[in-house]
Amino acid sequence: MMTRLTADEKIQPHWWLKTLASSILGLTLAYACVGIFAWYGYGGINAPVKVQFNMWMVSPIWLLVLAFSYLFKTGLHAIVYLTLANVVVCNVFFLLRWLA
């Protein structure tokens, strides 16, 4: 038997806040992910063929974050979780730079 969701259980339509959060925080997350791959992927930072690949990988990662950000329950959840993801990925990047 199907039951209806309450208003608190539904995904809220805070589309403008989710769009803003994923546009800004999604871009920084995409840059951080590509930065980790650029420095620590196959061949290191000086690999000749990685420059073009790194440049083109920013937009698909960013668009994936943008698309999936509408699945957050509220716009505030989008901001909090994307900020936490940015903090984690940037800390991993800086930790790897410090260890190298």
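The values are calculated or read from the model by the stated rules, or taken from the named source; none is laboratory data. If you're wondering where the values come from, they're calculated on a predicted model, not measured in any experiment. Using ideal geometry, Cβ is built from the backbone for each residue, glycine included, and neighbour counts are taken over all protein chains shown.
Are any of the residues in the stretch 3-17 surrounded by 15 or more Cβ atoms within 10 Å (Cβ to Cβ), under 11 Å from the mean Cα position of the chain (by Cα) and assigned to a helix (DSSP H, G or I)? No, the conditions are met nowhere in the stretch 3-17. Filtering the stretch 58-74 to residues that are part of a helix (DSSP H, G or I) and at pLDDT below 95 leaves 70, 71. Please tell me if residue 24 is under 20 Å from the mean Cα position of the chain (by Cα), part of a helix (DSSP H, G or I) and buried (at least 16 other Cβ atoms within 10 Å of the Cβ). It is false that residue 24 is under 20 Å from the mean Cα position of the chain (by Cα), part of a helix (DSSP H, G or I) and buried (at least 16 other Cβ atoms within 10 Å of the Cβ).
Restricting attention to the stretch 1-19, the residues that are touching a helix residue (DSSP H, G or I) at 6+ places or on another chain (Cβ under 8 Å) and either among the polar types (S, T, N, Q) or modelled with pLDDT of 90 or more (or both) total 6. Annotation note: Cβ proximity below 8 Å between a residue of the stretch 76-100 that is closer than 10 Å to residue 36 by Cβ and a residue that is in a helix (DSSP H, G or I) and among the aromatic types (Phe, Trp, Tyr) (sequence gap 6+ or interchain) occurs for 93/39; 96/39; 96/40; 97/39. Checked against the criterion of being part of a helix (DSSP H, G or I) and either surrounded by 13 or more Cβ atoms within 10 Å (Cβ to Cβ) or touching a strand residue (DSSP E or B) at 6+ places or on another chain (Cβ under 9 Å) (or both), the candidates 91, 54 yield just one match: 54. Applying a threshold of 7 Å to beta carbon distances and a minimum spacing of six or more residues, or different chains, the list of pairs starting in the stretch 5-33 at a residue that is over 14 Å from residue 64 (Cα atoms) and ending at one that is of a type in the set (Val, Ile, Thr) and in a helix (DSSP H, G or I) reads 32/89. Once the stretch 42-57 is narrowed to residues that are touching a helix residue (DSSP H, G or I) at 6+ places or on another chain (Cβ under 7 Å) and under 20 Å from residue 92 (Cα atoms), the residue that is modelled with the highest pLDDT is 57.
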